[in-house]
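See structure below.
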Amino acid sequence: MAVRARERLEDSNRRPLPTSKPMRSQETVTVACKHPSGLKLRVFRMVTRRVAGPAGFHEEDIAEPLPDSFDVKGPALPAGVEGGHIVGGYALTENCPKWLWDLYAEQNAESHLIQNNILMAFSDRNEAAQEAKKLRSVRSGMEPVDPNNPPKIGTRLKIETGPKPGEEE
């Protein structure tokens, strides 16, 4: 029964479901994160579903979350708490399943977190720590304000916007 249901789901999806082999893999990575609060890595699969609309039913692609997720630590800590997991401004979180990271990085390749090295993964903690030290100067844009050098009141910010809908870049 479960095999037939899986075959039906795979037939209706643009992309096949992940097989059980990578989910059982013991390979892990160390994730380096400069986003202050950290984040939850979630992955999805596209599923075509029939949904009701004003003119009747139609098929629509929906991103369906997979049940697996992984919590990544961030470098922000409550006052008075010391953390040994922060190197070069990056919080290092070990034991993230490699298959989950690979799928997350693929699905979020255009995210500024991935493109600007705010979120990275490495095969071991030492490699992650070395790269975090090299990238110490990377800014997440969410750093606390320096009380000794606050921004000037009335400073105009340059706001960069992307192309308008329908325009070419």
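Annotations for the structure displayed:
- Meets criteria (of a type in the set (Ser, Thr, Tyr), surrounded by 12 or more Cβ atoms within 10 Å (Cβ to Cβ) and in contact with a helix residue (DSSP H, G or I) (Cβ under 8 Å, 6 or more places away or on another chain)) for Tyr104: no
- Residue ranges of strands (runs of 3 or more DSSP E) in the range 1-91 with at least 2 members modelled with pLDDT of 90 or more, polar (S, T, N, Q) and under 19 Å from Ala121 (Cα atoms): 28-33
- Any hit, the range 78-99, residues being closer than 21 Å to Leu135 by Cα and basic (Lys, Arg): no
- Selection from the range 102-130 of residues that are in contact (Cβ under 8 Å) with a residue 24 or more places away in the chain and either in a helix (DSSP H, G or I) or aromatic (Phe, Trp, Tyr) (or both): Leu103, Tyr104, Gln107, Leu113, Phe122, Arg125, Glu127, Ala128, Ala129
The values are calculated or read from the model by the stated rules, or taken from the named source; none is laboratory data. Just so it is clear, the model here is predicted, and its values are computed rather than measured. Quick reminder, even Gly has a Cβ in these numbers, built from the backbone with ideal geometry, and neighbours come from all protein chains shown.
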